[in-house]
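Chemist: Dropping a structure here in structure tokens format, bear with me for questions.
Every read-out reported here was derived from the displayed coordinates using simple, explicitly stated rules and does not represent laboratory data. The model shown is predicted, which means the values in this text are computed figures rather than measured ones. Here the Cβ positions follow ideal geometry from the backbone for every residue, glycine too, while neighbour counts run over all protein chains shown.
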Amino acid sequence: MTAIGDAAQQAGGADTPRADAERVMRIGEVAALTGTTPRTIRYYEEIGLLSGGDTRVLGQHRCYSQADVDRVHEIVRLKELLGLSLEQLSQLLEAETARAEIRRELHATDDPGRQRELLLQSDGHIANQLTLVRGRLTELAKLEADLSERARRVRQRLEQLGA
């Protein structure tokens, strides 16, 4: 068990140790572990990026697993890295979730025909993800070109003033 898991178990007073993947966490702990806020996590749930809190009974606290923590880390990483809108991020993550399911099914079958079908599905999801990433790269390249041109004009003006 990790140091975080040990500390959380001791703080929570659990009678029996559980693996991190089975450990149930509350929203505040997930927020602390992921560097976000409970409000952000609730928003991710609301727009469908995260489903961990859906298992709660009405009126009780949201419960999350290590998989939910990993999902929030991935959302934050992709959002920061790619600067995607939440809708684009949702599409990217949906494709990743679909690919994970395809991988599980792929490992469970020996049928070459089914494996081919699954690999084609996975390829389609990867193509969609690449489209999003390449679109972002194109936007970044345009920004870089614009800033480079501005810098060139500033240097040119500085040269004119210095002459």
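Chemist: Using amide H atoms built in the peptide plane, which far-off residues or other-chain residues are under 5 Å from Arg62 H to H?
Modeler: Ile27
Chemist: I need Lys79, Lys142 ordered by Cβ neighbour count within 10 Å, fewest first.
Modeler: Values: Lys79 16, Lys142 10.
With the fewest neighbours first, Lys79, Lys142 line up as Lys142, Lys79.
Chemist: Give me the extension gain from Thr138 to Asp123: residue separation times 0.36 nm, minus the current Cα-Cα distance, reported in nm with one decimal.
Modeler: 3.2 nm
Chemist: Now, a different point. Pull out a ≥ b ≥ c, the square roots of the eigenvalues of the alpha-carbon gyration tensor of the stretch 100-163, then state rounded if a/c is under 1.5, prolate if not and a/b is larger than b/c, and oblate in the remaining case.
Modeler: Numbers: a/c = 7.90, a/b = 6.83, b/c = 1.16.
Prolate, since a/c reaches 1.5 and a/b exceeds b/c.
Chemist: While we're here: If neighbour count is taken as other Cβ atoms inside 10 Å, put Ile102, Ile75, Ile126 in order from fewest to most. Kindly include the intermediate steps, with their values, before the conclusion.
Modeler: Values: Ile102 19, Ile75 22, Ile126 13.
Final ranking by Cβ density, sparse to dense: Ile126, Ile102, Ile75.
Chemist: Now, a different point. Treat each spin label as a single point 7 Å out from the Cα along the C-beta direction, and report the His73 to Arg150 distance in nm.
Modeler: Spacing of the two 7 Å Cα→Cβ label points: 3.6 nm.
Chemist: Given the C-alpha centroids of the stretch 77-99 and the stretch 101-163, what is the distance between them in whole angstrom?
Modeler: Centre-to-centre (Cα) distance: 12 Å.
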